[in-house]
Every structure is written in structure tokens, then in C-alpha cells.
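Enquirer: Got a structure here, written out as C-alpha cells. Questions coming.
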Amino acid sequence: MSALTVESVQEWLVEKIATRLGVAADQVATDQYFDEFDLDSTEALVLSGELENWLGFELETTALWYHPTIADLARYIVQERAGDSASV
């Protein structure tokens with residue numbers, strides 16, 4: 001995977017959510033709350049699992065709760081990854 005950026009994480013999330021909703025990516029707002037996307041709990045779990053596979057590390061189970069938009073979650077993921085890299 002290339003360098004992890006807020007933009008790359010947002011793009012990945014937007015594409016996955018758009019596909020699940022059957023809409024164009026430009027209809028998925030990065031500042032919209034995850035619960036407003038009408039994903040059921042199973043879809044949210046699958047999305048979270050796919051995200052972890054793509055990222056190559058596990059997210060805290062509360063990550064989507066404390067970072068409830070695509071933009072918030074993307075910033076959190078990049079900060080977490082930067083912190084992990086700094087401690088290696």
C-alpha cells in the first residue's frame with residue numbers, strides 16, 4: 001500500500017459506501033454521519049473488516065462510534081498509523 005493519507009482513506013471509504021448503497025461516489029458526503037447511510041449492523045461490520053484488511057491493522061471496536069463521519073475516521077486512522085510508525 002502506498003503512503004496512508006487522509007484523502008486515500010476517505011476515497012476508499014466513499015467508494016465502499018457508495019457501492020453498498022448503489023449510488024455514485026459523489027453522492028457520499030465525507031461529513032455525513034455513518035448512521036445516516038442506512039447501513040445495517042452486518043454491513044457496518046463487513047465494512048469495518050474490509051477496512052482493517054485494506055489498512056493492515058485492527059481498528060478499535062469503538063472507532064466508528066468516536067469518529068462518526070468518513071472525514072473524522074480518516075483523520076483518526078492516519079493519526080493512529082503515524083503514532084504506530086513513530087513507536088517502531
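Enquirer: Report the gain in length on full extension from Glu80 to Ala29: 0.36 nm times residue separation, minus Cα-Cα distance, nm rounded to one decimal.
Expert: Once the chain is fully extended between Glu80 and Ala29, it gains 16.1 nm.
Enquirer: For segment 41-81 and segment 1-24, what is the separation of their C-alpha centers, rounded to whole Å?
Expert: 12 Å
Enquirer: Further question: Averaged per residue, what accessible surface does the chain expose to a 1.4 Å probe, in Å²? Spell out each step's value before the answer.
Expert: On the way: 5570 Å² over 88 residues.
I get 63 Å² per residue for this part.
Enquirer: Report in % the part of the accessible area of the chain that belongs to carbon and sulfur, leaving out ligands and nucleic acids; probe 1.4 Å.
Expert: Of the solvent-accessible surface of the chain, carbon and sulfur hold 49 percent.
Enquirer: By per-residue mean of other Cβ atoms within 10 Å, what is the highest-first order of 4-12, 19-27?
Expert: 4-12, 19-27
Enquirer: So what's the chain giving for Cα Rg divided by 2.2 N^0.38 Å, two decimals? Don't jump to the answer; show the numbers that get you there.
Expert: Values: Rg = 12.6 Å, N = 88, 2.2 N^0.38 = 12.1 Å.
Normalised Cα radius of gyration, the chain: 1.04.
Enquirer: Another one. With springs connecting C-alpha atoms under 10 Å apart, model the chain as a Gaussian network and identify which of Thr42, Thr69, Thr30 has the largest mean-square fluctuation.
Expert: Among Thr42, Thr69, Thr30, the largest GNM mean-square fluctuation belongs to Thr42.
Enquirer: Explain nothing, just the number: dipole magnitude of the chain about its Cα centre with +1 on each Lys and Arg Cβ and -1 on each Asp and Glu Cβ, in debye rounded to the nearest 20.
Expert: It works out to roughly 220 debye.
Enquirer: May I ask which residue of Gln10, Asn53, Ala82 lies farthest towards the positive end of the charge dipole of the chain, with charges of +1 (Lys, Arg) and -1 (Asp, Glu) on Cβ and the Cα centre as origin?
Expert: Among Gln10, Asn53, Ala82, the one farthest towards the positive end of the dipole of the chain is Ala82.
The values are calculated or read from the model by the stated rules, or taken from the named source; none is laboratory data. Bear in mind the structure is a predicted one, so any value in this text is a computation, not a measurement. Quick reminder, even Gly has a Cβ in these numbers, built from the backbone with ideal geometry, and neighbours come from all protein chains shown. Side chains are part of the model used for accessible areas, which takes the heavy atoms of the whole protein and leaves out ligands, DNA and RNA. Shrake-Rupley method; radii C 1.70, N 1.55, O 1.52, S 1.80 Å.
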